[in-house]
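Q: Supplied in structure tokens, the structure appears directly below.
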Amino acid sequence: MTDVLPADPLISLRPWEAPEVTSWGRLPMNAVDRRSDALSLDGDWHFQLLPAPDAQVSDVWSSAHVPGVWTMQDTDDRPQYTNVRMPYTEFPPQSPAANPTGVYEREVDVPGEWTGRRIVLQVGAAESVLLVHVDGRPAGISKDSHLAAEFDLTDVVRPGERSVVRLTVVKWSDASHIEDQDQWWHGGVTRSVLLYATDPLHLADVSVRAGFDGELRVDCRVRDARGALPDGWYVSGELEGRLLAQDDEFDRVNVEDERVSDFLGEARIHTTVPEVRTWNAETPELYGLTVRLHRADGTVADTSQHRIGFRDVRIVGRDLLINGERVFIRGVNRHDFHPLTGRTVSYDDMRADLVLLKRFGFNAIRTSHYPNDPALYDLADELGFYVVDEADIEAHDHAHEIADDPRYLNAFVDRVSRMVLRDKNHPSVIVWSLGNESDYGANHDAAAGWVRRHDPTRPIQYEGAAKLDWAATDDCSDIACPMYAPLEDCVAHALSGRQTRPLIQCEYSHAMGNSNGTLADLWAAIESTPGLQGGFIWEFWDHGILQRVNDGRPVGRGGAGLYDNGVAAPGHRWAYGGDFGETIHDGAFIADGVVFPDRTPKPALYEHREIAAPVRIECFKHEGIVLGNHQHFRGLDWLTGEWELSLADGRTLTAPAELPDLRPGETAAVPLPFEVPRDGGEAWLTLRVTVAEDQPWAPRGTEVCVPQVRLRGPDAAEDAHVDRPVEVDGEGLLIHPLLAAAPTLSLWRAPTDNDELGGMAERWRAWGLDSLVRKVVSVREDGGRVTVEAEYAGTVGVVTHRQVFTRVEGGVRIDEQAELPEQFDDVARVGTVFETTPGLDLLEWFGQGPWESYPDRSAGAPVGHHSLPVDALFTPYLRPQESGGRHGVRQFTLSAPDATGLVVVLDEPRQISVTRYRAEDLTTAAHHDELMPRPGCVVHIDAAHRGLGTASCGPDTFPSYRIAPGIHRWSWTLRVL
Ligand code: IPT
């Protein structure tokens, strides 16, 4: 192995503090995919971590896996999480002196049969500066951490011989200042490395335009590594086995223009495909296209394979149209993330991400905040997603300085143009994004200018520009794409008459912890307000890294099996900011996705699934149930269903459902599938919609949505009063054999992330709601009724609480009333809390479920008879918080395996929760491994429960989901089974 001497030009240039230097020796980006016939260099490489890029390489090597970040591979350089702020104080373009630098080295046997061929090294991605040496000689430099870099090694390596490839990866650089995304900082080679060979005469790029009218244009750029192109070369194309010829017209015009296409190496195939099957996210029809480059004698010098889709994107007025249709963008922001490998994601993982998103009704992805692995776009083409492809530019901490800094001009144009050059042939990519949170400056306009010329077929968006005035027409963004905009502002804009462009939020509904409140309200407004078209939920992943608790190290690649169902195995936890000993960090703000770090769906996903339902119950009329097709392109033939009738008396009837043949946007009435029994009380009809035939993302039988309609309201019921008082103790607390703690008033919930970051929890603590002091005022008995008056004192006010206990047949009825003083405006909850004796481990309920739901997140939880073990009710949000609630509960039983237990009947549908934790247990724990489940159950019955909102980043819940001061009343009966 050869050492790089300090005089090495790549080092002495100090490219890590030279923003003007975006690359050296790097080949232009292109869309010719070489993955299939390349030599993979993935695997274990010799590795050493230097303290700085100019430190001396030693003889001491360990090993590191490629692709992979060293921060997850047992080095002392650990992951660090910061949001906006840089993890160091140096101003751009400077980096700190302590600058971890990974040196990767390995031998490569260059195949002997590559003699005479052009040999190229491709490094899939490295962050943040890559220096390449081969056999000790400098071979190239690259920045732009999420795109591949290619280097021509033809003159450097010798076929049939062994070469040493060294990749030096510098962690901090001028580029870090424009890669300041809200995510973990890592270092390493994060995507695959490969070596491939082509004929010297090769396809340098292939550009496909395929319109939804069937027009197909394939532009080829041809080069010869030896210099001038040989005479007589030509290209041919084959679409699904049908030969396409070179475009004579294009050639003739070029010759007339004296633009000799042979010399320029340009060729075009142009044709129209009759009766083309168009691509859209619902029916992602793809065609196989093979482009061949021929020598004069007809032999093939190079081949490029593509899967293309015929589709059209355009903006007309304020609508973004796909194939002429105004589609709703049901999007999510997705980072490259894995709890074991950090930034390196496998094909299978990407596929699993996208399959899950399809199953939960998403049709769009913003690649926040950088271009993803090429495979992700192949999957998006195949499974059907609209992609907003985002360049790797986020200058957040120094946004204002950098957006106009000419030293960064190259980098902006370089990053945007390379993304476009790579991804332009994907039908899934519908919009180019210039990056994220980088203010707005000349560097953005320069990048946009390049895109407009190179790819006029797609719109551009950039939030930082459009936010200045959504109605502007002279910035670089074709779409107004705000983040976390209040709904009323969006609606007002759409109604203002000033709207000039589509309004599609690039980020909305922040999914941190127990969140995504008001999602259904947002979508009701979007679907009913012309000019609003949807947005991208922030975000897909909770970026918790699997960590060993005893030594604080990330577990790394070997950790499969050390988590399940969103929960880390004993001795492990999901690490967030600060857990790796870093002092500069942003805590749990990294855990803000709709899935847990192991991709277990959070309950909010069911809410999204229902809001996105392709088929819905519009209403129930005397002629039957009116169903509607809410897709944009597809009929209902891929779906089937089952009717389910749930009656309050416990009965559930089912019948197969025949879905009508409806085109998008159509509705039709179908007859009621049941003779609804006259008795049985409240009645709900649910349509369980499932996939009829296997889809690439869902096997037959997968549930897609559960629309529901109420057929009949509840019967009025009165409990027979038994004239014998219930027992209370000297404090006025109910004595009951199955209760370990008597029912008392609760106004506190373990603050959600929204409560904490939105400032509500601070207010509640200041009012003393977490530690109300109860004092019994009076206990009276009157005609068998026991009335207990109590006061609950906070720091700024006193709540009066009254419980009236009445013995009824088989149990006790409790009528409660709480009066909140004006000071207690907008509390977490008003309700009852009690604890049961151990052993009651099964909850059965009639109400909304089966998954967790809250007042402002309950559209996706149908009313019915549900049953779950108590331990399965709890949702393990990364930072422990209020969890496990069920909305709209009318009645529940808590039972032991021997069928003993208790049953609670509520006066009206209420929010309840049954967990192993008191609110204070959850409030004080920072991670789940700190929680000790209690043997019994902690049961909350809420007269009012505050909505969840999204205030950790964005709007709070709506006023209608907040709790007003004044009098609250609720009643319930408690019986023994
Ligand atoms: C916005 C960022 O674009 C995103 O990366 C993430 O940080 C998100 O917020 C919050 O989780 S920026 C925000 C400061 C408005």
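Q: Kindly provide log₁₀ I(q)/I(0) values, in the same order as q = 0.12, 0.16, 0.20, 0.28 Å⁻¹, from the Debye equation applied to equal alpha-carbon scatterers of the stretch 728-798.
A: Debye output, listed in q order: -0.45, -0.69, -0.88, -1.20.
Q: Test of the criteria: in the stretch 697-754, which GluC sites (Glu not before Pro) are in a DSSP loop and have at most 16 other Cβ atoms within 10 angstrom of their Cβ?
A: Sparse-neighbourhood loop GluC sites (Glu not before Pro): Glu718, Glu727, Glu731.
Q: Sort by residue number and report every cysteine in the chain with no other cysteine beta carbon within a distance under 4.7 Å.
A: Here Cys220, Cys476, Cys490, Cys619, Cys705, Cys937, Cys953 come out as lacking a disulfide-compatible partner, given the Cβ-Cβ threshold of under 4.7 Å.
Q: Please work out, to two decimal places, the log10 of the ratio I(q)/I(0) at q = 0.19, 0.21, 0.32 Å⁻¹ from a Debye calculation in which every Cα of the stretch 882-932 carries one identical scatterer.
A: Computed log10 I(q)/I(0) values: -0.79, -0.86, -1.15.
Q: With unit charges on the beta carbon (Lys/Arg positive, Asp/Glu negative), name the residue among Phe805, Thr837, Trp748 whose Cα is farthest towards the positive pole of the charge dipole of the stretch 739-976.
A: Towards the positive end, the residue furthest out is Phe805.
Q: Give the calculated FRET efficiency between Asp586 and Asp37 to the nearest 0.05, with a Förster radius of 35 Å applied to their Cβ-Cβ distance.
A: Approximately 0.20, to the nearest 0.05.
Q: What is the helix-to-structure angle for 442-454, meaning the angle in degrees between its Cα long axis and the longest Cα principal axis of the chain, kept from 0 to 90 and rounded to the nearest 10?
A: 70
Q: Between Ala524 and His454, what's the calculated FRET efficiency when r is the beta-carbon distance and R0 is 51 Å? Round to 0.05.
A: According to the calculation, E is roughly 0.80.
Q: Taking the stretch 674-765 as the region of interest, what is the percent of Cα-Cα pairs per 5 angstrom bin, listed from the shortest bin to the one with the maximum distance?
A: 3, 9, 8, 7, 7, 8, 13, 17, 13, 8, 4, 2, 1, 0
Q: A further question follows. Pop out the ³J(HN,Hα) list for the stretch 476-491 in order, Karplus 6.51 cos²θ - 1.76 cosθ + 1.60 with θ = phi - 60°, rounded to Hz; leave Gly and Pro as x.
A: So the J values, rounded to whole Hz, are 8, 10, 7, 10, 7, 10, x, 10, 6, 6, x, 4, 5, 5, 5, 5.
Q: Give the value in nm², to one decimal: projected area of the alpha carbon convex hull of the stretch 614-706, averaged over all directions.
A: So the mean shadow area of the Cα hull is 6.2 nm².
Q: Assigning unit charges at the beta carbon (Lys, Arg +1; Asp, Glu -1) and nothing else, what dipole magnitude in debye, to the nearest 20, does the chain show about its Cα centre?
A: It works out to roughly 960 debye.
Q: Can you tell me the 0 to 90 degree angle between the C-alpha axis of helix 347-359 and the longest principal axis of the chain, rounded to 10?
A: For 347-359 against the chain, the angle is about 50 degrees.
Q: Using only Cα atoms, locate the centre of the stretch 146-207 and the centre of the stretch 539-554, then give the distance between them in Å, rounded to an integer.
A: The distance from the Cα centre of the stretch 146-207 to that of the stretch 539-554 comes to 28 Å.
Q: Using only the Cα atoms, what convex hull volume per residue in Å³ does the stretch 301-358 have?
A: Roughly 175 Å³ of hull volume per residue.
Q: Ratio of alpha-carbon Rg to the 2.2 N^0.38 Å globular estimate for the stretch 303-431, to two decimals, please. Please report the intermediate quantities before stating the final value.
A: On the way: Rg = 16.1 Å, N = 129, 2.2 N^0.38 = 13.9 Å.
So the Cα radius of gyration is 1.15 times the expected 2.2 N^0.38 Å.
Q: Let me ask something additional. Only four residue types carry charge here, +1 at the Cβ of Lys and Arg and -1 at the Cβ of Asp and Glu. Report the dipole size of the stretch 1-103 about the Cα centre in Debye, rounded to the nearest 20.
A: 340
Q: Using a simple spin-label model with points 7 Å from Cα along the Cα→Cβ vector, what separation in nm is obtained for Trp61 and Ala899?
A: With each label point 7 Å from Cα toward Cβ, the separation is 7.1 nm.
Q: Could I ask something else about it? Towards the positive end of the charge dipole of the chain, with charges on Cβ (+1 Lys, Arg; -1 Asp, Glu), say which of Val193, Thr923, Pro374 has the farthest Cα.
A: Of the listed residues, the answer is Thr923.
Q: For helix 374-383, what angle does its Cα long axis make with the longest principal axis of the chain, in degrees from 0 to 90 and rounded to 10?
A: In the chain, helix 374-383 runs at an angle near 60 degrees to the longest axis.
Q: Once you have the Cα-Cα distance between Glu819 and Arg557, take 0.36 nm times their residue separation minus that, and quote the gain in nm to one decimal. Present the calculation step by step, with values, prior to reporting the outcome.
A: Details: separation 262, 0.36 × 262 = 94.32 nm, distance 5.54 nm.
This chain segment gains 88.8 nm when fully extended.
Q: I need the semi-axes of the equivalent ellipsoid of the stretch 9-198: take the C-alpha gyration tensor, multiply each eigenvalue by 5, square-root it, list largest first in whole angstrom. Please list the in-between numbers first.
A: Details: eigenvalues 155, 59, 48 Å².
Sorted largest first and rounded, they come to 28, 17, 15 Å.
Q: Something else now. Quick one: Cα centre-to-centre distance for the stretch 362-384 and the stretch 7-23, in angstrom?
A: Using only Cα atoms, the two centres lie 33 Å from each other.
Q: Can you pull the percent of Cα pairs in the chain with separation above 46 Å?
A: On the way: 169041 of 476776 pairs.
In whole percent, the long-distance tail amounts to 35.
Q: Hey, another quick one. HN-Hα J couplings of the stretch 950-963 from phi, Karplus 6.51/-1.76/1.60, θ = phi - 60°, integer Hz, Gly and Pro as x?
A: 8, 5, 5, 6, x, x, 6, 5, 6, x, 5, 9, 9, 9
Q: Next question, about the same structure. Hey, what's the Kirkwood Rh for the stretch 543-670 if you take every pair of different alpha carbons, in angstrom?
A: 18.9
Q: Let me ask something additional. Using θ = phi - 60° and the Karplus form 6.51 cos²θ - 1.76 cosθ + 1.60, what ³J(HN,Hα) does each residue of the stretch 610-623 get, whole Hz, x for Gly and Pro?
A: Computed from phi, the couplings for the stretch 610-623 are 6, 5, 8, 3, x, 10, 9, 8, 7, 5, 10, 10, 4, 7 Hz.
Q: Right, next: Using a Förster radius of 60 Å, what is the FRET efficiency between Ala717 and Glu90 based on their Cβ-Cβ separation? Nearest 0.05, please.
A: 0.25
Q: Can I ask one more? Over 31 Å between Cα atoms, which of Lys143/Lys602; Lys171/Lys424; Lys171/Lys602 qualify?
A: From Lys143/Lys602; Lys171/Lys424; Lys171/Lys602, over 31 Å: Lys143/Lys602; Lys171/Lys602.
Q: Over all distinct alpha-carbon pairs, what is the Kirkwood Rh of the stretch 739-976 in angstrom? Before the final figure, lay out the partial values.
A: Working: mean 1/r = 0.0552 Å⁻¹.
Final number for the Kirkwood radius of the stretch 739-976 is 18.1 Å.
Q: What is the dipole size for the stretch 9-198, taken about its Cα centre, with +1 at each Lys and Arg Cβ and -1 at each Asp and Glu Cβ, in debye to the nearest 20?
A: Charge dipole of the stretch 9-198: 260 debye, to the nearest 20.
Q: Among all the lysines, which ones have a C-alpha under 24 Å from Lys775's C-alpha, if same-chain residues fewer than 8 places away are not counted?
A: Cross-link targets: none qualify.
The numbers here are math on the coordinates, done by the rules we state, and not lab data. None of the values given here were measured: they were computed from a predicted structure. Positions of Cβ are generated from backbone atoms using ideal geometry, with glycine treated the same way; all protein chains shown enter the neighbour counts.
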